[in-house]
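First up is the structure itself, then whatever we jot down about it.
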Amino acid sequence: MRFLLIGAVRRCFGLVSICLVFSSIQQPELHAVVSSVTAFSIESHPAKCIILAARIDGSKSDEYERFEKGLMQYGCAHYRRRCRIRAPCCNEIFDCRHCHNESKNSIKIDTLRRHELPRHELQQVICSLCGTEQEVRQICINCGVCMGKYFCEVCKLFDDDVSKQQYHCHACGICRIGGRENFFHCSKCGCCYSKVLKNSHACVEGAMHHDCPICFEYLFESRNDVSVLPCGHTIHEKCLKEMKEHCQFACPLCSKSVCDMSKAWERLDAELATLSNSFDDKVVRILCNDCGAVSEVQFHLIAHKCHSCKSYNTRQI
C-alpha cells in the first residue's frame, strides 16, 4: 500500500515548517517514520509534530481518520479545538481559558472570588471525543485524536483553525496570530508589530502593556485588533473607529492627532477667514499638541493655529 506522508514541524519559539515528502511507503513503515519525525520535533524544539497521512488514491488510513476525527466540530466562541480544560485555580472544566475568565472574572461574581486562569499553569485537559482526562498534550492518549492542529506546549494552546497563522513569540512569551513572517518584535514597545511599521512607528516604552484608553481592556493579551497611533500609543481598532465616528481625532493619552488632519486645517482656515474677530488686540500663548511648539497668537473664540506646524490642535497656556 502506497502512502504520501507530509509532516509539518511547528516549533513554539519560531515558526518553522519542514516538509517531509515520502512516496512508496509501505503500511508497516508508516509508524516508524511518524515516530522518528515526532521524536525529532520533541528533541529539537518544545513542540509537537503535525502529521498528515493520506493514501495516494485519495482514501484515508484508519490512523489518519482517528487523527482528524471531529476536526472543526468542537470548541467554543474563542477556539475550534477537540479538548476542554480543567482550571487549576478552581478545579472546574471549561472550553478554554477565555471561557473561564468570562465566567469567573465578571461583574456578577463577588469581588473577593474573581480570578483569571494563568495560561502557563494549565495542567490537565479532557478530550472532547472520548472524555479522557490527561496531562496537556496534542494527541489524546486514549483515542488518538489530535486535540488541536496548532499546539503550543508553552502557552498550553490548542486550535484547529490554523488559518489564523498562529505562532509563539519567545520575547512576548505568548502565542500571536497573523504569521511570524508578517510581524517583528519591538523590544522597546514590548510587543509584536506588523512589519509595515518596522521603520516608521514611534517607540513608546511598554506601549502595549497597558489598558485600552477607551474600553480599558488589557491590550497586550487582547484578542481584538490593536492600532498603533502616530504618537506610538496603542488602542483597539474598533475603539479608534468609534472615536472617529464621534469626531474625536486626538489621542486620549497625549492629545496628538491620530491621523493626517491637514485637509481639516485647510477647511478651518477658510472658515475662520470669513468670520470677524473682535479680539484683535488680545494675544495668548498656546501649546501645540502635535509638535509641542509654544506660540503667541491672536486670541480667537473658535481655534488657535500653531505657527510652527499649522495645526489647530492646540491649547491655551
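So if I place +1 on the C-beta of Lys and Arg and -1 on the C-beta of Asp and Glu, and nothing else carries charge, what would the dipole magnitude of segment 63-164 be about its Cα centre? I want it in debye, nearest 20.
220 debye
For ASP62, what accessible surface area do you get with a 1.4 Å probe? Give it in Å², rounded to 10.
We get 100 Å² for ASP62.
Scan segment 149-228 for GluC sites (Glu not before Pro) in coil per DSSP, keeping those whose Cβ has at most 16 other Cβ atoms within 10 Å, and list them by number.
Qualifying residues, ordered by number: GLU205, GLU217, GLU221.
So how exposed is SER187, as accessible area in Å² (1.4 Å probe, rounded to 10)?
Near enough 100 Å² of accessible area.
Taking R0 as 51 Å, what FRET efficiency do you get between ASP110 and LYS263 from their Cβ-Cβ distance, rounded to the nearest 0.05?
0.45
Using a 1.4 angstrom probe with every protein chain in place, what is the largest-first accessible-area order of SER106, SER308?
Largest accessible area first, the residues go SER308, SER106.
Please compute the Kirkwood hydrodynamic radius of segment 80-132 from all pairs of different C-alpha atoms, in Å with one decimal.
Averaging 1/r across every pair of different Cα atoms and inverting gives 11.6 Å.
In what sequence, largest accessible area first, do ILE214, ILE107 appear using a 1.4 Å probe?
ILE107, ILE214
Figure the gain on full extension for HIS120 and ALA293 (residue separation times 0.36 nm, minus the Cα-Cα span) and round it to one decimal in nm.
Using 0.36 nm per residue and subtracting the Cα-Cα distance, I get 57.6 nm.
In nm, to one decimal, how far is the modelled label at GLU181 from the one at ARG86, with both set 7 Å along Cα→Cβ?
4.1 nm
In whole percent, what relative contact order does segment 272-316 give with Cα contacts below 8 Å and a gap of six or more residues?
Reported as a whole number, the value is 36 percent.
How far, in nm, would the chain grow between LYS164 and ALA303 when pulled straight, counting 0.36 nm per residue and subtracting the alpha carbon separation?
In short, 45.4 nm is gained.
Taking 8 Å as the Cα distance limit and 6 or more residues as the minimum spacing, I'd like the relative contact order of segment 186-309 as a percentage.
The value is 14 percent.
Any idea what Rg and Dmax come out to for segment 135-194 if you just take the C-alpha atoms, in Å?
For segment 135-194, the Cα radius of gyration and maximum Cα-Cα distance read 13.5, 46 Å.
Please express the shape of segment 103-174 as an equivalent ellipsoid: the semi-axes are the square roots of 5 times the eigenvalues of the C-alpha gyration tensor, given largest first in whole angstrom.
Equivalent ellipsoid semi-axes, largest first: 25, 19, 11 Å.
For segment 272-316, just say rounded, prolate or oblate: build the C-alpha gyration tensor, square-root its eigenvalues into a ≥ b ≥ c, call rounded for a/c under 1.5, and beyond that prolate if a/b exceeds b/c, oblate if not.
prolate
Quick one: with all protein chains in place, what share of the accessible area of segment 273-317 is carbon or sulfur, to the nearest percent (1.4 Å probe)?
The nonpolar share, carbon plus sulfur, comes to 50 percent.
The values are calculated or read from the model by the stated rules, or taken from the named source; none is laboratory data. These numbers come from a predicted model, not from an experiment. Here Cβ is always computed from backbone atoms with ideal geometry, including for glycine, and neighbour counts include all displayed protein chains. Each accessible area value is taken on the protein alone, full model and side chains, heavy atoms only, with ligands, DNA and RNA left out. Shrake-Rupley method; radii C 1.70, N 1.55, O 1.52, S 1.80 Å.
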